[in-house]
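Asks: Dropping a structure here in structure tokens format, bear with me for questions.
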Amino acid sequence: MPTRRSFLGAASSLALPALFPSARTAGAQQTGDTSMTPDLILHNGLVTTLDRANPTATAVAVKDGLILAVGDDRTIMALAGSGTKTIDLKGKRVLPGLNDNHTHVVRGGLNFNMELRWDGVRSLADAMDMLKRQVAITPAPQWVRVVGGFTE
């Protein structure tokens, strides 16, 4: 059975050639094709590419919200046009496509009705009353999951 790591590795390796067409982009720039001029260049950073052959880079070019090219600072900065915004990352890390990497979608979807949220609870008496009501509606053998909130 494949692991999550092996699945993500395989999926990212299939998508990378489409996401990082640096050779095609460089050729387009040399022929004067301004449609391939990046809107944004992030440089002087640590770019995680998820490409096993080239796992890191120092710069990334973006056009219309999509990654146009990744590579070293010299190569990517050569793609800049007069309207390209550049951001010096000052050695900071860039991770592609990760949005809120700490979610509990499956747990939340499967157990939402069995979770007790204590956000905004003001007293121990209120917390215990809420817990008693949640126990009454949580089916056996499930546990009541108390998440967030109350700290008395």
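All of the numbers you see were taken from the coordinates with simple rules; none came from a lab. None of these values were measured; they are calculated from a predicted model. A quick note on method: Cβ atoms are made from the backbone with ideal geometry, for glycine too, and the neighbour counts reach across all protein chains shown.
Asks: Tell me, M114, M36 in order of fewest to most beta-carbon neighbours within 10 Å?
Replies: M114, M36
Asks: What is the fewest-to-most order of R145, R133 by other Cβ atoms lying within 10 Å of their Cβ?
Replies: R133, R145
Asks: For region 105-149, what relative contact order do you get, as a whole percent, if you take Cα pairs closer than 8 Å and at least 6 residues apart?
Replies: 55
Asks: Order by neighbour count: V135, V105, fewest other Cβ atoms within 10 Å first, most last.
Replies: Lowest count first: V105, V135.
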